[in-house]
Amino acid sequence: MTHVDIAASVPLLEPPGWAVAERGLFDLLDCAWRRFARDFTDPDGRLNYRHTLTSRDGVDDFYETFFNWPQLYLLGGADDLLAESERHWTGVTAQLTELGMLTDEYERGYDWFHQSESLLLLYFLTMADPGRWTERAVRFAELYVDPAHGNYDPERRIIRRPHNGSDPGRRGLFDGTHYPWTDREEKSYGCPLDWLLPPGAPVPERDADPRLTTEMNARIGVGDTAVNLAAAGLVMNAWILTGDSRYRDWIGQYVGAWRERAAANDGVVPDNVGPDGAVGSQLEGRWYGGHYGWSWPHGWYSVGSATAVAALAAATATGDDSYLDLVRPALDAVIAHGTVQPFAESDSSIRSKWYPQLGPAVTVPTLLVPFRHSDRGWFDYNPMLASVPMALWHHAGEPADLRRLADLRERSGYDWRTVRSFRSKEEAGHEEPWFTFLAGDNPDYPEKMLAAAQAQARHRLARMRAYRGGDVAEADIHLWQQSNPVVTEALVQLTWGGPQVIYNGGLQQARVRYHDAIRRRPGLPPGVAALVSSIDPEATVVELVNLDAGGERRVIVQAGAFAEHVIEDVRYTACEDGSWLGDLYDYGHGDPVVIERQADVGAPYLAVRLPASTRVRLTLRLTMRARRPSYASPFEDSVSPAN
């Protein structure tokens, strides 16, 4: 595909702090992932683990360790990082197969809260090297699209059971006498089906507790559950790869069925559907109480992410943004039931998540919203996760989605501009200060966010030194995730103009991506820094800086994560007057005179030549979602428009 080509001509005299910090982060992360691989993995890529796994849990923890490594490659990480990421996927897959957790390289049967976390590594590998990963991605999607695999009931438009995957013989929610629920977990989240025990009744031993044994399997171990909606991400991945209408149609049908159920429930998506296709048929009419649903264990934390993944997939695949209404009413209902109080005084079940993110603000009265609902009403109050409302706004750009974010900020008791150094499980959580930066109200955000990312990578390097060489017990397998030093949230926001991927199975959102035109690979070239300061489709602003003092770089700017947008035209800065250089005997230089030029583009790609020590500011006018999303690179793209 040919590209419109422009050249940067504004001299780079004083490199902006964000550009130096950005390249410094790339350098640090390159050192960090190599050290992790050396200290925590075997030569074939598997993790240093010598024990068995005693329950259905654990697959996600192995894959999650590396989930953002190919993402870093796509951003501009080292050339050999892609092969290294593939080596770890292959090694971990062999390891988990030996542990009895996989069949034909796929999870035998587990809930989609965890399956979706496992699959992020696969999604980014597919995005980086679609030719190598197409067969697997399609084979995995067929487990759900083809009813012959036993997971999907096309007549009732349900996934047949909460624990699903490659093994149709895996039934129920556990293999032993009772669900493997620990004292710590019960203290945090309670038990499912709490209404089965009358108030004041003695609590049975776990192997005789109906909430964790026979009634659990009979009532919530069958039928569909809302977190299964995350399977739409797996099918969406296959559709992007192939364009096969079967995958698009499956997404529309399955997500559409849940949208109908939500509409019948005053807009709030229910969390359970019985094998007969009726909401609440296993729970005496309750719309809540399904496995990993509104009541137990996480509520909105799991339901919100799954519905957002599905709604975004359906809207993108079908071109119908009304699918986003699967999420919006539930989101607004949760907000409407909010209250103002200090987080430290709330009944949150995930306190460990919020204390690092809020810092001293845990004692400040602020808007808290309920994540869970049961017979006792709404409970489990937390700050609103900004990831879902940010994802909605990023996709559709609707004024109502923007107003929702502005209202959440207004009702917050803490300053959204504050950047704190923490790394959550999702490697996200800085959406609030990023939003204020995009709103023009936090100009120092890039430098502060990059500094926070440096701190987290260095913290994890220290943790690696403390724990390397130890024997990892089954109870401690989260050590690998907690030690993974690759941090990408800052780079995703600042260079791609997108939020970090929704952790429970989302596909990447981005206003722009980049390709190295000389090395013909994805990502920023060495020495080049990028900053997206506006994601307005009418004026998406990107600054590119070549810090290399001696070498030219060539960058292809791509509109959208999957080249789904079209760059209609570009305004770009230029310096055509060389008088700033001065005469031979001048001791200083003048100020470069910067003007703006314009060029028509009419394509998803724009080629930019960056001579040594130059910079350029691009203002792109985009037509959103004008093309079918594709993993093809600009060096081979032949995808036709969406319509």
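The values are calculated or read from the model by the stated rules, or taken from the named source; none is laboratory data. Just so we're clear, the structure is a prediction, and the values are computed from it rather than from any experiment. Note that each Cβ is placed from the backbone with ideal geometry, even for glycine, and that neighbours are counted across all protein chains shown.
Looking at 177, 126, 182, which is the one that is in contact with a helix residue (DSSP H, G or I) (Cβ under 8 Å, 6 or more places away or on another chain), farther than 17 Å from residue 234 by Cα and polar (S, T, N, Q)?
Criteria check complete, one pass: 177.
Tally the residues that are aliphatic (A, V, I, L, M), closer than 21 Å to residue 18 by Cα and free of Cβ contacts under 8 Å to residues at least 40 places away in the same chain, restricting the search to segment 447-479.
2
Consider segment 490-504. How many of its residues are closer than 15 Å to residue 64 by Cβ and crowded, with 24+ Cβ neighbours inside 10 Å?
4
Does any residue of segment 146-155 turn out to be surrounded by fewer than 23 Cβ atoms within 10 Å (Cβ to Cβ) and under 23 Å from residue 289 (Cβ atoms)?
yes
Tell me, which residue of segment 536-555 that is surrounded by fewer than 23 Cβ atoms within 10 Å (Cβ to Cβ) and not in a loop (DSSP other than H, G, I, E, B) is nearest to the chain's Cα centre (by Cα)? Talk me through it step by step, then tell me what you get.
Just the residues of segment 536-555 that are surrounded by fewer than 23 Cβ atoms within 10 Å (Cβ to Cβ), to begin with: 536-539, 541, 543, 547-552, 554.
Then drop every residue that is not not in a loop (DSSP other than H, G, I, E, B), which leaves 536, 539, 541, 543, 554.
Values: 536: 21, 539: 25, 541: 23, 543: 24, 554: 29 Å.
My answer is 536.
Six or more apart or on different chains, Cβ under 8 Å: which pairs go from a residue in segment 353-372 that's in the same structural domain as residue 428 (by TED's automatic domain parsing) and within 8 Å of residue 342 (Cα to Cα) to one that's among the small types (Gly, Ala, Ser) and in a helix (DSSP H, G or I)? Could you list them?
362/344; 363/344
Residue 349 fails exactly one of the following numbered conditions: (1) under 16 Å from the mean Cα position of the chain (by Cα); (2) not acidic (Asp, Glu); (3) not in a helix (DSSP H, G or I). What is the number of that condition?
It fails just one condition, (1).
With respect to residue 402, is the statement that it is assigned to a helix (DSSP H, G or I), among the hydrophobic types (A, V, I, L, M, F, W, C) and touching a helix residue (DSSP H, G or I) at 6+ places or on another chain (Cβ under 8 Å) true?
Here the answer is yes, as residue 402 does meet what is asked.
Tell me whether segment 403-418 contains one or more residues that are surrounded by fewer than 20 Cβ atoms within 10 Å (Cβ to Cβ), more than 27 Å from residue 57 (Cα to Cα) and of a type in the set (Val, Ile, Thr).
yes
Take segment 341-363 and flag every residue that is small (Gly, Ala, Ser), within 21 Å of residue 430 (Cβ to Cβ) and modelled with pLDDT of 95 or more.
348, 359, 361
Residues 323, 381: which one is among the aromatic types (Phe, Trp, Tyr), surrounded by 19 or more Cβ atoms within 10 Å (Cβ to Cβ) and over 20 Å from residue 297 (Cα atoms)?
323
Could you tell me which of the residues 490, 530 is within 25 Å of residue 121 (Cβ to Cβ), touching a strand residue (DSSP E or B) at 6+ places or on another chain (Cβ under 7 Å) and either aliphatic (A, V, I, L, M) or in a helix (DSSP H, G or I) (or both)?
Unique residue meeting the criteria: 530.
How many of the residues making up segment 202-246 are β-branched (Val, Ile, Thr), under 22 Å from the mean Cα position of the chain (by Cα) and closer than 14 Å to residue 273 by Cα?
Summing the residues that are β-branched (Val, Ile, Thr), under 22 Å from the mean Cα position of the chain (by Cα) and closer than 14 Å to residue 273 by Cα in segment 202-246 gives 2.
Report, by residue number, each residue of segment 460-503 that is basic (Lys, Arg) and either closer than 24 Å to residue 76 by Cα or not assigned by TED's automatic domain parsing to the domain that holds residue 120 (or both).
460
Just to be sure I understand the filter: pairs with C-beta atoms under 6 Å, separated by 6 or more residues or on different chains, first member in segment 377-393 and within 17 Å of residue 308 (Cβ to Cβ), second member crowded, with 24+ Cβ neighbours inside 10 Å and among the small types (Gly, Ala, Ser). Which pairs pass?
Every condition considered, the pairs that remain are 388/304; 388/308; 391/308.
Would you check which residues across segment 383-399 are outside any helix (DSSP H, G or I) and within 20 Å of the chain's Cα centre (by Cα) and list them?
383, 384, 385, 386, 397
Looking only at segment 70-92, which residues are surrounded by 22 or more Cβ atoms within 10 Å (Cβ to Cβ) and in contact with an Asp or Glu (Cβ under 7 Å, 6 or more places away or on another chain)?
Scanning segment 70-92 gives 77, 82.
If residue 215 passes every condition in (1) surrounded by 20 or more Cβ atoms within 10 Å (Cβ to Cβ); (2) at pLDDT 95 or above but one, which one does it miss?
Among (1) surrounded by 20 or more Cβ atoms within 10 Å (Cβ to Cβ); (2) at pLDDT 95 or above, the lone unmet condition for residue 215 is (1).
Restricting attention to segment 418-428, does a residue exist that is at pLDDT 95 or above and not in a loop (DSSP other than H, G, I, E, B)?
So far as segment 418-428 goes, no, none of its residues is at pLDDT 95 or above and not in a loop (DSSP other than H, G, I, E, B).
Under 8 Å by Cβ, and 6 or more places apart or on different chains, what pairs join a residue from segment 485-509 that is farther than 20 Å from residue 229 by Cα with one that is of a type in the set (D, E, K, R) and assigned to a loop (DSSP other than H, G, I, E, B)?
487/423; 487/427; 488/427; 489/427; 496/511; 497/511; 498/511
Return the pairs, sorted by first residue and then second, in which the second residue is part of a helix (DSSP H, G or I) and among the aromatic types (Phe, Trp, Tyr), the first residue lies in segment 98-118 and is touching a residue at least 24 places away in the same chain (Cβ under 8 Å), the beta carbons are less than 6 Å apart, and the residues are 6+ apart or on different chains.
From segment 98-118, the pairs are 106/140; 118/63.
Considering 476, 444, which residue is over 17 Å from residue 65 (Cβ atoms), surrounded by fewer than 16 Cβ atoms within 10 Å (Cβ to Cβ), at pLDDT 95 or above and among the acidic types (Asp, Glu)?
444
Would you confirm whether any residue within segment 180-187 is modelled with pLDDT of 95 or more and exposed (fewer than 14 other Cβ atoms within 10 Å of the Cβ)?
No: segment 180-187 contains no residue that is modelled with pLDDT of 95 or more and exposed (fewer than 14 other Cβ atoms within 10 Å of the Cβ).
State yes or no: is residue 520 outside the structural domain of residue 390 (by TED's automatic domain parsing) and touching an Asp or Glu at 6+ places or on another chain (Cβ under 8 Å)?
Against the criterion (outside the structural domain of residue 390 (by TED's automatic domain parsing) and touching an Asp or Glu at 6+ places or on another chain (Cβ under 8 Å)), residue 520 does not qualify.
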